[in-house]
Amino acid sequence: MKINIYKTSILFLIIQSLLIVLLLNNNYMKRFSFFQSSNSNFVDMAFGLLILVLNLIALVVVRYLYISGLEAERLKLTSLKHAHMVEQTRIYRQHHHDLKNHLTVVMGLLKLGKYPELNDYLESYLDTVNDALLKIETGLDEIDVLLSSKIQLAKNKDIRVELKNVASLRSSKKHVLDLVTILGNVLNNALEAVEDFDSPMRKVCISIQRDPLEYIFEISNPMLLSNISDADYFREGFSTKQEGRGQGLFIVKRLTERLDGNVSINCSDGIFKVTIEIPRHRLEEE
Amino acid sequence: MHERILEILIFSIPEATVIFCLAFSLSDKKISGFQLAVMGVTLGILANLVRGMVESYILNICILSIITIFLLKILGKFSVYEAATSALTSISLYLIIEFLNVKSLQILTGINPTRLGEEFYLKVLWFLPQVAYAIVISCIIRYIISRQPDRE
């Protein structure tokens, strides 16, 4: 019979609460020698042993809880990845289904000798295919899912995302969450910054590079000229948006520095660029 | 004998009834007045009998917990797990209410709680607030649980 760890933990917690209350009440009554048996020492001893056993079992329960928590996290990630793959397969099938129609048009244009139109048609078709069948392989499932979801979000908002130099990443499990938080925050900021712009400026560039010592993440987006200093961006609570915001870059800086990395901001030529450098040995260490 | 019956009617049955009120509120199940009365009377009588037989407070509560779980399973049609969790939580809640009530009354009035065993009227007066608190808490729990969006 498979034990449901959550139900077991709940029961344990309740038993422990009852025991605490029992102990409290019993001690209170003991002071007035009320409702105490003649062999109360034996009962106290048995009660103490019961609490000891329960505490020891609680250690096992807590361990199982921790493991199942990790498993749940992993399953969540796999499910996201699966949903992404299903979506990719659907798009692929749709393109496959339309392929015959596109080839007919290509053949028609070719027969009519309309080469410039054929060129335009093929270019636009290839753009559509490239946009739709985006496959991200950074080497880290968590980052793949993050980038895919952000790119999908950008597409829905009609924002163009350029993904270049995707280097293969390696990270220990304990640092992956930090990396997801860092990149997630910067990407959110970038997408939010361009969503009010007109079409040519609705663009975000993401670059992931690797040199012998560091991983370098660059996220850039167009911006309106401003006189805000670079240091201001990292101040807790600083935001160009409404009040109560401004935690994003502060968190990014804090997490990056915890990994012995460095965050820099460069605002020039109407481009806002965040560069995050994290030493490879820190990210990869187990 | 009369004193025993009076004790069952005034203390044990109301005490058992509020424990079941708490248990049903915690498990978000509806309860009819008749069902509550049957369960309350059964537990009240059994609890009083057990109390007469067992000297130890801890053992007494352990036996009371088992009887409550059994009654919830049989008469309340709970699953074993549901019966165990709601019975233990409700008893735990009731006992802490009882402790806080007695302790606060002791501080406020300066009366030694041992006098409760000697003066029946005083015992009734000290008992009433804890029943009232338990009913209020039961209603609050039912309200909170009924407002949870993912309840079945």
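In table form, for the structure just shown:
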{"quantity": "Most positive-pole-ward Cα, A:Leu213, B:Val136, A:Leu169, against dipole of the protein assembly as shown from beta carbon charges", "calculated": "B:Val136"}
{"quantity": "Residues in region B:95-112 that a label on B:Ala132 would reach, taking backbone N under 20 Å of a point 7 Å out along Cα→Cβ", "calculated": "B:95-111"}
{"quantity": "Least to most buried among A:Leu54, A:Leu213, A:Leu140 (fewest other Cβ within 10 Å first)", "calculated": "A:Leu213, A:Leu54, A:Leu140"}
{"quantity": "Estimated FRET transfer efficiency (B:Leu49, A:Asn4; beta-carbon r; R0 25 Å; 0.05)", "calculated": "0.10"}
{"quantity": "Helix B:80-109 vs. chain B, principal-axis angle (Cα, 0 to 90°, nearest 10)", "calculated": "30 degrees"}
{"quantity": "Least to most buried among A:Arg202, A:Arg63 (fewest other Cβ within 10 Å first)", "calculated": "A:Arg63, A:Arg202"}
{"quantity": "Chain B, relative contact order [Cα under 8 Å, separation at least 6], %", "calculated": "32 percent"}
{"quantity": "Helix axis angle, A:115-132 relative to chain A longest principal axis, alpha carbon, degrees", "calculated": "0 degrees"}
{"quantity": "Computed E for A:Cys267/A:Leu103 - FRET, C-beta separation, R0 56 angstrom, nearest 0.05", "calculated": "0.75"}
{"quantity": "Difference of contour (0.36 nm per residue) and Cα-Cα distance, A:Leu163 to A:Thr128", "calculated": "11.0 nm"}
{"quantity": "222 nm mean residue ellipticity, helices alone, for the protein assembly as shown (DSSP H n ≥ 4; -39,500 (n - 2.57); rounded to 500)", "calculated": "-23000 deg cm²/dmol"}
{"quantity": "5 angstrom amide H check on A:Val166, placed H, neighbours 5+ away", "calculated": "A:Ile208"}
{"quantity": "Ranked list, fewest to most other Cβ atoms within 10 Å of each Cβ, for A:Arg282, B:Arg4", "calculated": "B:Arg4, A:Arg282"}
{"quantity": "Cα→Cβ-extended label distance, 7 Å offset, between A:Tyr66 and A:Arg254, nm", "calculated": "2.4 nm"}
{"quantity": "Residue among A:Gly113, A:Asn27, A:His82 farthest towards the positive dipole end of chain A, charges placed on Cβ", "calculated": "A:Asn27"}
{"quantity": "Along each principal axis, Cα extent of region A:1-62, largest first, Å", "calculated": "45, 18, 18"}
{"quantity": "Cα lying deepest toward the dipole's positive end in the protein assembly as shown, options A:Leu56, B:Ile97, B:Leu72, charges on Cβ", "calculated": "B:Leu72"}
{"quantity": "Local electrostatic count, B:Ile111, Cβ distance below 14 Å [Lys/Arg +1, Asp/Glu -1]", "calculated": "+1"}
{"quantity": "Ratio Rg/Rh [Cα only; Rh per Kirkwood] for chain A", "calculated": "1.20"}
{"quantity": "Computed magnitude of the charge dipole of the protein assembly as shown (debye, nearest 20; Cβ of K, R +1, Cβ of D, E -1)", "calculated": "1240 debye"}
{"quantity": "Rounded FRET efficiency, nearest 0.05, which uses the C-beta distance separating A:Glu117 from A:Asp198 and R0 of 22 Å", "calculated": "0.20"}
{"quantity": "Under 11 Å, Cβ to Cβ, from A:Asn262 - net charge with Lys/Arg +1 and Asp/Glu -1", "calculated": "-3"}
{"quantity": "Residue among B:Leu26, B:Leu100, B:Leu108 with the largest mean-square fluctuation in a Gaussian network model of chain B, springs linking Cα atoms under 10 Å", "calculated": "B:Leu108"}
{"quantity": "Amide H contacts of A:Phe272 (H built 1.01 Å from N, under 5 Å, at least 5 apart or other chain)", "calculated": "A:Asn221, A:Met223"}
{"quantity": "Over chain A, relative contact order from alpha-carbon pairs under 8 Å, at least 6 apart, %", "calculated": "13 percent"}
{"quantity": "Backbone N within region A:16-38 under 19 Å of label point (7 Å from A:Leu52 Cα along the Cβ vector)", "calculated": "A:16, A:19-20, A:23"}
{"quantity": "Chain B: most fluctuating residue of B:Arg51, B:Arg142, B:Arg115 per GNM, C-alpha cutoff 10 Å", "calculated": "B:Arg115"}
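All of the numbers you see were taken from the coordinates with simple rules; none came from a lab. Quick caveat: nothing in here was measured; it's all calculated off a predicted structure. We place every Cβ from the backbone using ideal geometry, glycine too, and count neighbours over all the protein chains shown.
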